[in-house]
Amino acid sequence: MNREAISHRLCLQLRLAAWLLMLVSTAVLWVNSANAQAMNAQISGRITDPTGAIIPNASIEIQNTGTGLDRTVTTSSTGEYVVPSLPVGTYKLTAVAPGFKNYARSGIILEAGQNARLDATLQIGTANETIQVTESTVQVDTSSAAIRTEIDSTQIKELPLNTRNTLQLITLVPGVGNATLPAVVINQRNGPTFNVNGSRVNGSQVSLDGAILVTGLYNRPANLTNPDSIGEFSLLTNSYGAEFGHASGGAFVAVSKAGTNRFHGSAWEFLRNDALNARNWFAPAPAAKPLLKQNQFGVAGGGPILKDKAFFFATYEGLRIHQVTLENLATITPAQRSGDFSAVSTQLHDPYKATCDANGNGPGTGTTPCNYTVANGYAGKNQIPKSEWDTMSVAFMNTYIPAPTLQPSGLWAYTDQIPTPTSGNQYTIRGDYRVTKNDQAYVRFFHMVTSAVTGPPYSAIISSKFYDNFSNSNWGTTVRDTHTFTPNLIGDFGFSDTNLSTTGTPEGTIITGAQMGAQYNTGGYNVSPLVTVSGVTSFGSGSPWFENTALKQVDAKLSWVKGRHLWQFGAMALREAEHIEWTHTNSAGNPTFSGVQTGNNWADYLIGKPISFGQYTPYYGNEHSVESGFYAQDTYKVSSRLTLTLGLRWDLFFPWVEFNHNSPTVTFDPSFHSTRFPTAPPGLAFPGDPGIPPGTIFMDKGDFAPRLGFAYDVFGDGKTSVRGGYGIFYNAPGAITMANEIEAPPFETQLVFTPNTFTDPYGGTGYTNPFPYPYLNPGKNPLWPFPAQFYSPDPNIKNAFTQQYNFNVQREFPKDFMVQVGYVGSHGDRLWNGNQANAAPYSAGGTAANAQSRRPFLPQYYAGITRIANIGFSNYNSLQITARKRFSTGYTMQFAYTFAKSLDSGSIADADGGTAQNPASPIVGEYSRSDFNQKHLLRVNGVWNLPQFENLGLAKYAVGGWMLSGIVSYSSGTPFSVTTGSAAPWLGAGRDIGALRLNATGTNPCASCGSRDSWARTGYFNTAAYGSPLLAPYTYGTFGNSGRNSLVGPSSFNTDMSAAKNFPFLKREGARIQLRADIFNLFNRVPFSNPTTSLASSVFGKITSAGAARQVQLALRLEF
């Protein structure tokens, strides 16, 4: 070997070593994990001669016709070739071999994550001759087992997406249902949510150019940028490769649009006006039609800076919405405001006068609360004397609880249309640069700012008198580089910095508890109390809010083609930080009125007798977490027909840690005594105590995730494939567990107890009001208010994971048509479950008032203790059918159908809440249909360019250039439980306790019987089918026997349609002016919500809300 060759080889080895060193050091420095994303595509195939014999050592050149990027490889001894890590775009393939004519294939469109197969047969001849081919790539996947759906640029641009939300494309995929996709996100806690193949809402992720867009607190997705900034969108929902971690459900990969050697761009204006819309079902005439004036406008453009060298692409989009929010809420009636509850059929009783016999009669004859009757000395049946009205209740009601009016249905309800204006601006810019022949790099930046008027946090009501102004600001920068070491060794490297910030500012009327006459210290905070009425909602003023999620991510991946093997090695890293400052209204007191005291929730409210009362310090949290992931995967071409995928991933999720280690936890060991805080009660521990880790949870180091799959090319032509796959996917926990731990003394005290009254909650209870509490710097001997509420995750908790599996058959038919039929399933294990571990078990005479004394663990110190354990599990099984007609001959179409059943022991993600009515049995009796289970899901979408009529002369401008597109969807309803509206009273106050379910009486509930019109007026189901376990003839102290999620809500059918007329513009290909009309909910079918499920509500069983009626959007769009 000559000196030059040796020098070149040494240089190559040193450079490879340097890249590998950077990969390893990156992972070590960040010590965290994220996922490298399948943003790129790959091409593979086999080269043969006319007899079918393989041609080894043929030269294969792949060139991006938009940017000039090219790669050259040679075929192996078996005639196979693989070109990995190709940016999405349009390509040309050229094959050259001695003794054969050159082969050239153009118009090859590669989509994100696609494994395109391009076989070629070379004809005998000379190199001076070239055979030109323009066929499309085969759509059948013969090299992987992943369930993947492609959304191409035509669908992204032309489908009627409501409010141009890119994430609506997710709903076109089989297995994806029950999606909540807000037009704009003004609070990162209320971002998009969706369930994929049985996973919880925190089980999937969205990424842009490899950067994970996720909120730190709940590990849920953030919104994507506008559709004109997105080049490709790929959706992986089952058994995808080892390069993916962080989430256990779906992976949705978006790639930003890049510039090319040709200048191109667009400008648009989308307009909505209520004059064109139908009425909402719950805003009938003669009420004013709900106001809606919406403008969405923007511009996008890109092109070359230096031909074949440097490119740019940028977008701007603005959003202005003038609209109203419909309020329809059953509140306390005018008669009830004056103490007259005679319209309530149930006999109410007076907790202030517990001197009657067992039947509530005969004052002075017993110890039972007396009935409100004339015989017992009251003005009439269920007439509450003014002397019993609570001072705080009256003052709060006059400000924050709106008065209802009599509705045509005969019910009393507060109805109004509240202005909730919304505005937003977003910018994106991307620059691509070919640094060297072997390095292709780009930088992408986005900034999204949205703001809106909204109701107070955790309240279902908004008023023009009190509200919040929320603003959400997201920005992100991504830098990526693809380096070609050799034609068979490609490296992909990336860094991202993403920041999500939410700010809330209270507006309107704020009357503090002190101003209302509170006989307790409300902390001096400028917020009202937060009042919760079971079966109705929570009421209160706005409150100041700040929350920030900061993400820093790196990833590195090597793709190495070696004979029949495509090896991939990678390391990924993600650092998350969560910062929260929030003075919530519950800092001024949070009473809950359930109806337990009198028999009616509003009667409890009027006399000021809550079932529970909570008061918290303002929240200040500063947590961080780090993750790291490493993987190796071999895609092994066993034969020309059989491909195996063998991968292994190792995820390391470092537990979330509070920066100052202010996170107490309960050990449930009365002999344990803290050394960090010696005056702490027995059983309470802190980071810094012996045996207590920094995040109170020990790191789970055993998260190994195998990924296995096969793909068999049945006939060897690439048009029929039998595939199957299996994989384990771990789910990254959010910061919410650590955030909740902080909410306990001596840092951020959270008291929840059964109070005396609303006005004087602490009187006679044994509790001492500790507020305002010195919580930020407690010192060595802090103040200990007892009994207090605590949050205690299992220190040995393991990370949740999902096993995914599938078996399917793909077949491509003529005319670019492909069908896939298969079984898709998953099994969730070690799912995190929140459970009240210190609830008071029932004993004779057990009530809310004596619950504290019956708590099992040191009741003199501890009230409710929320335990987080990995005891949950789930199962999902489905038949999934997809069909796709790739865009050609003027149209594209996609069909997706899912027949599925999802079962679990609890569907609440992050263990931040619970549905188990019996804390002593959080699994048994709870395993049932998932909250998001939908039996049938059907999605059909398509784009059709109608005939152009080029031979009609001038008439072609009138009858030609039309285009239709649309989305048709059907979804089965989601299940629900029927409850009393609050937890069993004898359990005592505490978090993560489900509402007490009702008893089934034996009468058929007949859910969804009757006409759709009757669902809102007489009820969606027969309420006589259920009774309260708290009332005769049932035995007090027993739990309801109706199952979790025993009924199913209304199904929905929706059609969104678009009609567009395109006019030529300028003398260049693709330039046009488009006039467009989008019609959402074309047939104006009412998308009813689930009915009211709380027996405490006056509208129990009735449907009181629905989604949007038909809306029309007009648009003008310019493309060049």
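The values are calculated or read from the model by the stated rules, or taken from the named source; none is laboratory data. If you're wondering where the values come from, they're calculated on a predicted model, not measured in any experiment. All Cβ positions, glycine included, derive from the backbone under ideal geometry; neighbour counts span all protein chains shown.
For region 982-1024, a residue qualifies if it is basic (Lys, Arg) and assigned to a loop (DSSP other than H, G, I, E, B), and exactly one does: 991.
Conditions (1) in contact (Cβ under 8 Å) with a residue 60 or more places away in the chain; (2) surrounded by 21 or more Cβ atoms within 10 Å (Cβ to Cβ), marked per residue:
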site: 931; (1), (2): yes, yes
site: 940; (1), (2): no, no
site: 945; (1), (2): no, no
site: 948; (1), (2): no, no
site: 951; (1), (2): no, no
site: 969; (1), (2): yes, no
site: 975; (1), (2): yes, yes
site: 978; (1), (2): yes, yes
site: 983; (1), (2): yes, yes
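State whether the residues of region 1045-1055 include one that is touching a Leu at 6+ places or on another chain (Cβ under 6 Å), surrounded by 17 or more Cβ atoms within 10 Å (Cβ to Cβ) and either under 30 Å from residue 1117 (Cα atoms) or not small (Gly, Ala, Ser) (or both). Yes, some residue in region 1045-1055 is touching a Leu at 6+ places or on another chain (Cβ under 6 Å), surrounded by 17 or more Cβ atoms within 10 Å (Cβ to Cβ) and either under 30 Å from residue 1117 (Cα atoms) or not small (Gly, Ala, Ser) (or both). The residues listed here are 715, 704; of these, the one that is farther than 30 Å from residue 519 by Cβ and either free of Cβ contacts under 8 Å to residues at least 12 places away in the same chain or among the hydroxyl-bearing types (Ser, Thr, Tyr) (or both) is 715. Of all the listed residues (916, 920, 955), the sole one being within 22 Å of residue 980 (Cβ to Cβ), modelled with pLDDT under 95 and either out of contact with any strand residue (DSSP E or B) (no Cβ under 8 Å at 6 or more places or on another chain) or of a type in the set (Asp, Glu) (or both) is 920. For region 592-601, the criterion of being in contact with a Gly (Cβ under 7 Å, 6 or more places away or on another chain), under 14 Å from residue 982 (Cβ atoms), free of Cβ contacts under 8 Å to residues at least 12 places away in the same chain and surrounded by 24 or more Cβ atoms within 10 Å (Cβ to Cβ) is met by no residue.
Assess whether residue 341 counts as being more than 30 Å from residue 542 (Cβ to Cβ), modelled with pLDDT of 95 or more and in contact with a strand residue (DSSP E or B) (Cβ under 9 Å, 6 or more places away or on another chain). In short, yes.
The strands (runs of 3 or more DSSP E) located wholly in region 237-344 that include 1 or more residues which are over 30 Å from residue 822 (Cβ atoms) and basic (Lys, Arg) occupy 264-273, 292-306, 310-329. Could you tell me which residue of region 246-292 is nearest to the chain's Cα centre (by Cα), considering only residues that are among the hydrophobic types (A, V, I, L, M, F, W, C), farther than 30 Å from residue 63 by Cα and at pLDDT below 90? Taking the candidates together, the pick is 247.
Of the candidates 422, 415, 436, 450, the single residue that is β-branched (Val, Ile, Thr), farther than 30 Å from residue 515 by Cα and surrounded by fewer than 18 Cβ atoms within 10 Å (Cβ to Cβ) is 436. Number of residues in region 415-448 that are under 30 Å from residue 325 (Cα atoms), of a type outside the set (Phe, Trp, Tyr) and touching a residue at least 60 places away in the same chain (Cβ under 8 Å): the value is 13. Per the conditions (1) touching a His at 6+ places or on another chain (Cβ under 6 Å); (2) at pLDDT below 95; (3) part of a strand (DSSP E or B), the sole criterion not satisfied by residue 543 is (3). Taken together, the residues in region 556-596 that are among the charged types (D, E, K, R) and touching a helix residue (DSSP H, G or I) at 6+ places or on another chain (Cβ under 9 Å) amount to 3.
In summary, residue 649 fulfils each of the numbered conditions (1) assigned to a loop (DSSP other than H, G, I, E, B); (2) of a type in the set (Lys, Arg); (3) closer than 30 Å to residue 707 by Cα with the single exception of condition (1). For region 785-818, a residue qualifies if it is part of a loop (DSSP other than H, G, I, E, B), more than 30 Å from residue 686 (Cβ to Cβ) and touching a residue at least 40 places away in the same chain (Cβ under 8 Å), and the qualifying residues are 815, 816.
Out of region 293-326, which residues are of a type in the set (Asp, Glu) and surrounded by fewer than 19 Cβ atoms within 10 Å (Cβ to Cβ)? Answer for region 293-326, where residues must be of a type in the set (Asp, Glu) and surrounded by fewer than 19 Cβ atoms within 10 Å (Cβ to Cβ): just 308. Where strands (runs of 3 or more DSSP E) fall wholly inside region 77-179, the ranges with 1 or more residues that are at positive phi and either among the aliphatic types (A, V, I, L, M) or surrounded by fewer than 23 Cβ atoms within 10 Å (Cβ to Cβ) (or both) are 80-86, 89-96, 102-110.
Does residue 494 qualify as being at pLDDT 90 or above and farther than 25 Å from residue 397 by Cα? Here the answer is yes, as residue 494 does meet what is asked. The condition of being under 23 Å from residue 199 (Cα atoms), surrounded by 16 or more Cβ atoms within 10 Å (Cβ to Cβ) and not aromatic (Phe, Trp, Tyr) holds for only one of 925, 961, that being 925. Select from region 748-764 the residues that are assigned to a loop (DSSP other than H, G, I, E, B) and at pLDDT below 90 and write down the one among them that is farthest from residue 248 (Cα to Cα). Result: 749. When 579, 673, 661 are checked against the criterion of being surrounded by fewer than 24 Cβ atoms within 10 Å (Cβ to Cβ) and either among the acidic types (Asp, Glu) or assigned to a strand (DSSP E or B) (or both), a single residue qualifies: 579. Scanning region 465-502 for residues that are surrounded by fewer than 19 Cβ atoms within 10 Å (Cβ to Cβ) and either touching a Pro at 6+ places or on another chain (Cβ under 9 Å) or not in a strand (DSSP E or B) (or both) yields a total of 3.
Contact annotation: residue pairs with Cβ atoms under 7 Å, 6 or more positions apart or on different chains, pairing a residue in region 380-400 that is on the phi < 0 side of the Ramachandran plot with a partner that is surrounded by fewer than 19 Cβ atoms within 10 Å (Cβ to Cβ) and of a type in the set (D, E, K, R), are 383/340; 397/337. Of the residues that sit in region 676-693 and are surrounded by 19 or more Cβ atoms within 10 Å (Cβ to Cβ), part of a loop (DSSP other than H, G, I, E, B) and not hydrophobic (A, V, I, L, M, F, W, C), which one is farthest from the chain's Cα centre (by Cα)? Of everything passing the filter in region 676-693, 681 is farthest from the chain's Cα centre (by Cα).
Only a single item in (1) closer than 30 Å to residue 216 by Cβ; (2) in a strand (DSSP E or B); (3) at pLDDT 95 or above is not met by residue 620, and it is number (3).
Among the residues in region 638-652, are any farther than 30 Å from residue 826 by Cα and either surrounded by fewer than 21 Cβ atoms within 10 Å (Cβ to Cβ) or without any contact (Cβ under 8 Å) to a residue 60 or more places away in the chain (or both)? Yes. The set of residues in region 180-196 that are of a type in the set (A, V, I, L, M, F, W, C), assigned to a loop (DSSP other than H, G, I, E, B) and within 29 Å of residue 802 (Cβ to Cβ) comprises 181, 185. Residues in region 381-422 that are among the small types (Gly, Ala, Ser) and either in contact with a Gly (Cβ under 8 Å, 6 or more places away or on another chain) or not in a strand (DSSP E or B) (or both): 387, 393, 395, 403, 409, 410.
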